[in-house]
Protein chains: 2
Amino acid sequence: MTANTPWLDRRQLRAWIRLRAVLELLPGTLDTQLRNDAHLTEFEYTALAMLSEAPGRTLRMTGLAQRTNATLPRLSHVVSRLEKRGLVERFPCPENRRATNARLTEEGWAKLLQAAPGHVAAVRRYVIDALTDEQVDQLAAIGDAVLAALDPSGQGAVLYTHYDEEPDPEQDSA
Amino acid sequence: MTANTPWLDRRQLRAWIRLRAVLELLPGTLDTQLRNDAHLTEFEYTALAMLSEAPGRTLRMTGLAQRTNATLPRLSHVVSRLEKRGLVERFPCPENRRATNARLTEEGWAKLLQAAPGHVAAVRRYVIDALTDEQVDQLAAIGDAVLAALDPSGQGAVLYTHYDEEPDPEQDSA
DNA sequence: CCAGCAAACTTGTAGCTACAACCATTCCGG
DNA sequence: CCGGAATGGTTGTAGCTACAAGTTTGCTGG
């Protein structure tokens with residue numbers, strides 16, 4: 001364990017232990033709440049939410065994958081299941097025949113409305129309300145730094161900046 | 001989306017979006033590195049590491065589950081697989097015949113030694129070295145707050161305090 | 001001393017994700 | 001205008017986790 005690699009000192013280890021615990025415990029807790037309340041995973045919820053904010057409640061699979069931090073295969077499977085449940089519909093993109101659009105159905109919109117309050121309450125309870133206002137800002141900055149290290153090219157920058165500005169209907173990408 | 005539930009304001013939403021992205025991207029990245037380098041998941045690595053620090057390199061399943069933030073069924077499956085690979089061995093606890101001990105084998109110790117440098121380097125690269133010293137401490141405090149909200153009873157307190165003090169061989173619980 | 005409950009697991013199975021392979025379009029250079 | 005390479009997706013499958021159920025051992029009150 002004490003190799004010639006720079007090990008973590010006590011303070012760094014403390015932080016890492018905490019982060020790993022949060023990584024392990026928080027997603028499951030949020031998934032459980034959401035599944036009991038609305039039979040949705042947090043990932044499915046996020047996908048529906050991202051569609052709901054898009055113009056025409058429609059996004060191309062690639063765009064939705066970016067906004068949800070998912071790989072395309074994963075998203076494809078998830079959308080297939082959501083489609084079977086009638087919450088989303090897929091149709092070919094008119095402008096690019098190899099692309100597919102996903103659109104939120106009325107039923108999907110209703111499901112999102114039903115699920116949102118409980119989910120927001122859970123996020124508040126376990127994260128936002130557990131922190132001071134200062135810590136909330138610190139968390140955002142720490143997240144920025146980690147994400148920059150994970151993805152130096154800034155591919156996901158669409159997402160990370162999306163909530164820094166007023167929504168702009170013309171920010172469709174190439 | 002704008003129900004009678006207190007929604008998140010812009011700054012809170014920023015922080016939450018970042019955290020969700022980290023939750024989604026960081027575990028997979030660490031798993032990938034570790035699997036390519038040592039054919040281990042981060043969870044398996046952590047389990048081996050916790051055993052390596054225990055007296056006699058041995059822990060009861062329940063104790064190991066607490067230290068790894070895992071449920072018992074999950075841990076049982078994982079240890080079964082590690083046992084098949086010869087990295088861990090299970091044997092009945094002498095003092096309590098319904099309990100099971102898990103002990104790190106020599107092979108498991110060797111595997112851990114081989115895997116550790118690369119894993120620590122990854123943790124540094126994506127988290128520790130991406131942050132300022134101040135942010136590292138902020139992260140620890142934020143983690144504390146979120147974990148307290150997730151588990152008000154402080155069941156996992158063994159883990160959370162474990163790295164605040166010098167190791168004490170007599171901290172075995174009831 | 002024994003009935004019932006709790007503790008400490010193990011096992012079975014359904015569901016989700018990662019990875020790899022595959023297919024259909026589109027783009028681009030010669 | 002045509003032969004790759006790149007883009008945008010779907011599908012198949014192995015592996016891991018969650019949940020539920022079952023088993024054995026230990027504890028506690030009457």
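The values are calculated or read from the model by the stated rules, or taken from the named source; none is laboratory data. This one's a predicted model, so the numbers in the text were calculated from it and none came from an experiment. Quick reminder, even Gly has a Cβ in these numbers, built from the backbone with ideal geometry, and neighbours come from all protein chains shown. When the accessible area is computed, the model is the full protein with side chains, heavy atoms only, and any ligands, DNA or RNA have been set aside. Shrake-Rupley method; radii C 1.70, N 1.55, O 1.52, S 1.80 Å.
Values for this structure:
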quantity	calculated
Selected residue (criterion: least open to solvent (accessible area, probe 1.4 Å)) from residues of the range A:32-50 that are out of contact with any Gly (no Cβ under 9 Å at 6 or more places or on another chain) and over 12 Å from A:Ala115 (Cα atoms)	A:Ala47
Per-region count, the range A:60-108, residues among the hydrophobic types (A, V, I, L, M, F, W, C) and more than 9 Å from DNA strand D (Cβ to nearest atom)	7
Conditions (1) near DNA strand C (Cβ under 10 Å from one of its atoms); (2) surrounded by 14 or more Cβ atoms within 10 Å (Cβ to Cβ): number failed by A:Arg81	(2)
The range A:52-73 - residue that is of a type in the set (D, E, K, R) and within 14 Å of chain B (Cβ to nearest Cβ) and, of those, nearest to DNA strand C (Cβ to nearest atom)	A:Arg67
Residue in the range A:83-95 that is part of a helix (DSSP H, G or I) and at pLDDT 95 or above present	yes
Residue that is nearest to A:Val88 (Cα to Cα) [pool: residues in the range A:51-66 that are open to solvent by 40 Å² or more (accessible area, probe 1.4 Å) and assigned to a helix (DSSP H, G or I)]	A:Arg57
Residue match in the range B:26-48 (condition: more than 14 Å from DNA strand D (Cβ to nearest atom) and under 13 Å from A:Glu24 (Cβ atoms))	yes
Odd one out for B:Leu51 among (1) touching a Leu at 6+ places or on another chain (Cβ under 6 Å); (2) within 15 Å of DNA strand D (Cβ to nearest atom)	(2)
Within the range B:14-38, tally of residues that are more than 7 Å from chain A (Cβ to nearest Cβ) and in contact (Cβ under 8 Å) with a residue 24 or more places away in the chain	5
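Per-residue answers, yes or no, for (1) within 12 Å of chain B (Cβ to nearest Cβ); (2) closer than 27 Å to B:Arg10 by Cα; (3) surrounded by 13 or more Cβ atoms within 10 Å (Cβ to Cβ):
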{"position": "A:His77", "(1), (2), (3)": "no, no, no"}
{"position": "A:Gly86", "(1), (2), (3)": "no, no, no"}
{"position": "A:Arg103", "(1), (2), (3)": "no, yes, yes"}
{"position": "A:Gly118", "(1), (2), (3)": "yes, yes, yes"}
{"position": "A:Ala130", "(1), (2), (3)": "yes, yes, yes"}
